[in-house]
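Participant: One structure, pasted below without further comment.
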C-alpha cells in the first residue's frame, strides 16, 4: 500500500539488515492528464488534476538511493505542478503560488544501528495515510479528501524498531507544522509521531498512525490492506484530525479501496469515501459543517512502464458545496479524467 517512492522509505522501516555498498539507484515517473468536469468548471477541490478541459502536466519525479555500509541516503526531486506548488508550500505559506520552485519531496539519511533498529533524519514523505503524492503509488489518479487535508511531508527524526517480521514500531519528533522543511525557530520539533505496523497474516498489513503537536493538531489514522484472493485486494483508510487549539474544528473520514486484477495488464478499482468537516472549519474541497460521499471508478491499463488511467468520479455533499453549469450552488459534482503515467 505504501509504494513506489514511498517504497524507498518502507525499505528502511522495520527489519533492515546490514547492507553492503550498493550502486546508485535511480527511479521515478512522469505523468500528464486530461480532466473534464460536467458542470464545465473546476468543481472537486481535492489535490492534483485540477485543470478543467485541458491537457495538463502532473510532474516528472526522480528519486535517488544509495547505501554505503549501514547508511542509506534517499533524495527525491519533482518538477511540475503536482510535485511543486500543489504539494509543497511556498515560502509565503501559500499552496496556490505557482512561482514555487521548491521541489524536494524527500531528503533524508537512515542508519541501521542494528538488524532491528533504524534511525532516520531529514525531510520525508509522511507516514500518515493511504495515498501518496507519486501517481505511481496510487491506483486512482485523483486523490481523496483524506489525502488532500492530511499531511504530505514531515521533517524530523525517527526511530524504527522491528520486534519481529509481523510487528514494528516507529516513534519520532517532527517540525511544528506539516509540509515544511524548516521549523519555526521558537517552536522547533514540537510535534510527536508514532506508527505501529502489523502483519498478522499473509496478505494482511495494517498501520496505526498518530501525530500530535501544538501547531499541527492531533491526527489518528489507520491504513490497512487485505489480499483477499489472488486477484482481489481491499484497502482501508480511516482518520480523525482535530485542529490545533480546538476540540471542534477538523475532520473525520473513511475510505475503502476494493480493486480486482482482471488480467496481468488490466485492473478495475473503486474508491468509496465518506468525509466530514467538523464544526466551523472550512477544509480543502469542503465547507464547514458539511460532509461528502465520493465514489471514484478507475481502470488501470498497463503496457510496459506506461499506465493508462481512465476515471469517473461522482461527489455528493450533504449541503451545497459545488457549482452547476449555471454557476449556482449544488450538492453534487461529477468529472471524467484520463491520465498517462510512466514509471522507470
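The values are calculated or read from the model by the stated rules, or taken from the named source; none is laboratory data. Just so it is clear, the model here is predicted, and its values are computed rather than measured. All Cβ positions, glycine included, derive from the backbone under ideal geometry; neighbour counts span all protein chains shown.
Here's the yes/no breakdown for (1) in contact (Cβ under 8 Å) with a residue 40 or more places away in the chain; (2) crowded, with 23+ Cβ neighbours inside 10 Å; (3) within 19 Å of residue 63 (Cβ to Cβ):
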{"site": "121", "(1), (2), (3)": "no, no, yes"}
{"site": "128", "(1), (2), (3)": "yes, yes, no"}
{"site": "131", "(1), (2), (3)": "yes, yes, yes"}
{"site": "135", "(1), (2), (3)": "yes, yes, yes"}
{"site": "165", "(1), (2), (3)": "yes, no, no"}
{"site": "168", "(1), (2), (3)": "yes, no, no"}
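Participant: Considering only region 98-113, I want to know if a residue exists there that is assigned to a loop (DSSP other than H, G, I, E, B) and modelled with pLDDT of 95 or more. Reasoning before the result, please.
Facilitator: In the first step, residues of region 98-113 are kept if they are assigned to a loop (DSSP other than H, G, I, E, B); the result is 98-103, 113.
Filter once more, keeping what is modelled with pLDDT of 95 or more: 113.
For region 98-113, residues assigned to a loop (DSSP other than H, G, I, E, B) and modelled with pLDDT of 95 or more: present.
Participant: Quick test for you: out of 266, 275, pick the one residue that is in contact with a helix residue (DSSP H, G or I) (Cβ under 6 Å, 6 or more places away or on another chain) and at pLDDT 95 or above. Give the steps one after another, and end with the answer.
Facilitator: On the way: 266 fails: in contact with a helix residue (DSSP H, G or I) (Cβ under 6 Å, 6 or more places away or on another chain).
Exactly one of 266, 275 is in contact with a helix residue (DSSP H, G or I) (Cβ under 6 Å, 6 or more places away or on another chain) and at pLDDT 95 or above, namely 275.
Participant: While we're on this one: Determine whether residue 31 is farther than 30 Å from residue 331 by Cβ, modelled with pLDDT of 90 or more, touching a strand residue (DSSP E or B) at 6+ places or on another chain (Cβ under 7 Å) and crowded, with 16+ Cβ neighbours inside 10 Å.
Facilitator: Judged against the criteria, residue 31 is a match.
Participant: Here is a list: 280, 289. Which entry is outside any strand (DSSP E or B), in contact with a strand residue (DSSP E or B) (Cβ under 8 Å, 6 or more places away or on another chain) and at pLDDT below 95?
Facilitator: Values: 280 fails: in contact with a strand residue (DSSP E or B) (Cβ under 8 Å, 6 or more places away or on another chain).
Matching residue, one of 280, 289: 289.
Participant: Checking residue 251 against (1) touching a helix residue (DSSP H, G or I) at 6+ places or on another chain (Cβ under 9 Å); (2) surrounded by fewer than 21 Cβ atoms within 10 Å (Cβ to Cβ), which single condition isn't satisfied?
Facilitator: Every condition holds for residue 251 apart from (2).
Participant: With the requirement that a residue be modelled with pLDDT under 95 and assigned to a loop (DSSP other than H, G, I, E, B), what does region 230-263 give you?
Facilitator: 230, 243, 244, 245, 246, 247, 248, 249, listed by residue number.
Participant: Evaluate region 74-96: report whether one residue or more is more than 20 Å from the chain's Cα centre (by Cα) and either more than 18 Å from residue 197 (Cα to Cα) or at pLDDT 95 or above (or both).
Facilitator: yes
Participant: Still on this structure, please answer the following. Quick check on my filter: what residues within region 34-71 are assigned to a loop (DSSP other than H, G, I, E, B), out of contact with any helix residue (DSSP H, G or I) (no Cβ under 8 Å at 6 or more places or on another chain) and closer than 19 Å to residue 343 by Cβ?
Facilitator: Correct list: 49 only.
Participant: Being in contact with a strand residue (DSSP E or B) (Cβ under 8 Å, 6 or more places away or on another chain) and either farther than 13 Å from residue 143 by Cα or surrounded by 15 or more Cβ atoms within 10 Å (Cβ to Cβ) (or both) is the filter here, so list the residues in region 292-304 that pass it.
Facilitator: Across region 292-304, the qualifying residues are 292, 293, 294, 296, 297, 298, 299, 300, 301, 302.
Participant: Surrounded by fewer than 24 Cβ atoms within 10 Å (Cβ to Cβ), out of contact with any helix residue (DSSP H, G or I) (no Cβ under 8 Å at 6 or more places or on another chain), in contact (Cβ under 8 Å) with a residue 24 or more places away in the chain and not in a loop (DSSP other than H, G, I, E, B): does that describe residue 148?
Facilitator: Against the criterion (surrounded by fewer than 24 Cβ atoms within 10 Å (Cβ to Cβ), out of contact with any helix residue (DSSP H, G or I) (no Cβ under 8 Å at 6 or more places or on another chain), in contact (Cβ under 8 Å) with a residue 24 or more places away in the chain and not in a loop (DSSP other than H, G, I, E, B)), residue 148 qualifies.
Participant: Do you know which residues across region 195-224 are outside any strand (DSSP E or B) and either in contact with a helix residue (DSSP H, G or I) (Cβ under 6 Å, 6 or more places away or on another chain) or closer than 21 Å to residue 244 by Cα (or both)?
Facilitator: Correct list: 214, 215, 216.
Yes or no, residue by residue, for (1) under 29 Å from residue 287 (Cα atoms); (2) more than 19 Å from the chain's Cα centre (by Cα):
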| site | (1), (2) |
| --- | --- |
| 180 | yes, no |
| 184 | yes, yes |
| 206 | no, no |
| 211 | yes, no |
| 222 | yes, no |
| 231 | no, yes |
| 236 | yes, no |
| 250 | yes, no |
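Participant: Can you find, within region 238-248, the residue that is farthest from residue 228 (Cα to Cα) among those that are under 21 Å from the mean Cα position of the chain (by Cα) and surrounded by fewer than 19 Cβ atoms within 10 Å (Cβ to Cβ)?
Facilitator: 243
Participant: Do the conditions hold for residue 183, that is, is it assigned to a strand (DSSP E or B), in contact with a strand residue (DSSP E or B) (Cβ under 8 Å, 6 or more places away or on another chain) and either modelled with pLDDT under 95 or surrounded by fewer than 19 Cβ atoms within 10 Å (Cβ to Cβ) (or both)?
Facilitator: no
Participant: Moving on to the next point. What are the pairs, 6+ residues apart or on separate chains, where a residue within region 300-311 that is touching a residue at least 12 places away in the same chain (Cβ under 8 Å) and on the phi < 0 side of the Ramachandran plot has its Cβ under 6 Å from a residue that is surrounded by fewer than 16 Cβ atoms within 10 Å (Cβ to Cβ) and not in a strand (DSSP E or B)?
Facilitator: Close Cβ pairs satisfying both conditions: 302/265; 305/344.
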